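Following: one structure in structure tokens, then a few remarks.
The values are calculated or read from the model by the stated rules, or taken from the named source; none is laboratory data. What you see is a predicted model; the values in this text were computed from it and never measured. Virtual Cβ from ideal backbone geometry, glycine too; neighbours counted across all protein chains shown.
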Amino acid sequence: MAGAGLAVASLTLPASALLPLAVTGGATVTAGLSAYFVSTFYARSSFGYPLVTHIPQTGTPSVALTFDDGPHPETTPALLDILAQANAQATFFLVGARVRAYPDLAKRISDAGHTIGVHGLNHRTMVLQSPREVARDLSEAERILEDTTGKPLSSRLTRPPYGFKTWTLCCTLHRLGYTTVSWSLDGRDYDRQTPDALASRITSRIQPGDIVLLHERPGDNTTLCALPAILAYLHERGLACVGFNLE
């Protein structure tokens, strides 16, 4: 648009006036592109489409713990045991290829009553895929999940890997009928930190309605070790740990 405006201006303005316009126009375009680029990596960017960053509060104050990137035999069974001991529900955003590799674990998640969402077929960055590729990958991942668990996906939840989004991706997910879920509290369990530091980061910040981002990380037991303390804190504060119910 800036280029078109300069072309029109060149027909009516003297050459001496075009350079400042060109500089200003270039700066405006650069700033616009930079803002769009930054928005791509911001978890709460919705680009005008529905995006869930908090869970509704009705009755008992509640929060949602979400775990990305599973299932995996090094992490999923332990996570499920810890959650069961605390009588807590969670949401697992699963990768289709890993569900295919570990179907028993995906079924165990479902049978325990936890909510399942789609985290892509192969954990590819969706913003680098065409709408057709996104549709094909999500459809295949959803088919694998439903065949494995024997249940349709509730609310058809999805979370793009890394939380990266663009206008095109948000439009595509909305058109395909998915509910896109982000988060309001990032545990940053992908950073180097101790279980105590992770638990402290979450418990010092968490509020009713928060969606907490956590991960299944084979080879790193930080999240597993921190989770009992997090769940104990939620219980003490009277915060229910629930799966997604967006109705």
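Key figures
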quantity	calculated
Test for Val52: is it outside the structural domain of Phe164 (by TED's automatic domain parsing), closer than 23 Å to Leu138 by Cα, modelled with pLDDT of 95 or more and of a type in the set (A, V, I, L, M)	yes
All positions within the stretch 208-226 that are more than 23 Å from Thr158 (Cα to Cα) and either surrounded by 14 or more Cβ atoms within 10 Å (Cβ to Cβ) or among the polar types (S, T, N, Q) (or both)	Asp220, Asn221, Thr222, Leu224, Cys225, Ala226
Qualifying positions in the stretch 98-134 - part of a helix (DSSP H, G or I), crowded, with 16+ Cβ neighbours inside 10 Å and of a type outside the set (D, E, K, R)	Val99, Pro103, Leu105, Ala106, Ile109, Ser110, Met126, Val127, Val134
Count of residues meeting criterion [in contact with a Phe, Trp or Tyr (Cβ under 7 Å, 6 or more places away or on another chain) and β-branched (Val, Ile, Thr)] in the stretch 119-158	3
Matching residues, the stretch 82-97, being touching a Gly at 6+ places or on another chain (Cβ under 9 Å) and in a loop (DSSP other than H, G, I, E, B)	Gln89, Ala90, Val95
Test result for Asp81, farther than 26 Å from Ser139 by Cβ and without any contact (Cβ under 8 Å) to a residue 12 or more places away in the chain	yes
Of all residues making up the stretch 196-226, the number that are part of a loop (DSSP other than H, G, I, E, B) and either aliphatic (A, V, I, L, M) or outside the structural domain of Thr158 (by TED's automatic domain parsing) (or both)	1
